[in-house]
Amino acid sequence: MSEWPATQAKRVLAALLRIGWTLHRQRGSHKTLIRPGWPKFRFAYHDSEEIGPKALTVIAKRTGLKPEDL
């Protein structure tokens, strides 16, 4: 079983902002986030959309997000 629970996108975005990511630009539901020392990250989910464990694992590898950050 994965250590990541399925979670709503708005909760994941809020966690990314708490750990130091900032919104660089937004076009529709596509948000480009930046954080010093990391490459830009495009977050392309609607707020009410549910993100599953596999997608959360990919997001975590690219952003440094941890399960306890949610």
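When only residues in region 22-35 that are among the hydrophobic types (A, V, I, L, M, F, W, C) and within 13 Å of residue 63 (Cα to Cα) count, which is surrounded by the most Cβ atoms within 10 Å (Cβ to Cβ)? That would be 33. For region 50-70, give me each residue that is in contact with a Lys or Arg (Cβ under 9 Å, 6 or more places away or on another chain) and at pLDDT below 95. Correct list: 69, 70.
Go through (1) open to solvent by less than 90 Å² (accessible area, probe 1.4 Å); (2) assigned to a loop (DSSP other than H, G, I, E, B); (3) closer than 24 Å to residue 53 by Cβ and name the single condition residue 38 misses. Result: residue 38 passes all but (1). Listed by first and then second residue, the pairs with beta-carbon distance under 6 Å, at least 6 apart or on different chains, first residue in region 45-70 and more than 15 Å from residue 33 (Cβ to Cβ), second modelled with pLDDT under 95 and open to solvent by 70 Å² or more (accessible area, probe 1.4 Å), are 67/3. Of all residues in region 41-54, those being among the aliphatic types (A, V, I, L, M) and open to solvent by 40 Å² or more (accessible area, probe 1.4 Å) number 1.
Residue selection: residue 20 fails the criterion of being free of Cβ contacts under 8 Å to residues at least 12 places away in the same chain, out of contact with any strand residue (DSSP E or B) (no Cβ under 7 Å at 6 or more places or on another chain) and part of a loop (DSSP other than H, G, I, E, B).
The values are calculated or read from the model by the stated rules, or taken from the named source; none is laboratory data. A quick note: this is a predicted structure, and the numbers were derived from the prediction, not measured. Please note: Cβ atoms are built from the backbone with ideal geometry, for glycine as well, and neighbour counts cover all protein chains shown. Keep in mind that these areas ignore ligands, DNA and RNA; they rest on the heavy atoms of the full protein, side chains included. Shrake-Rupley method; radii C 1.70, N 1.55, O 1.52, S 1.80 Å.
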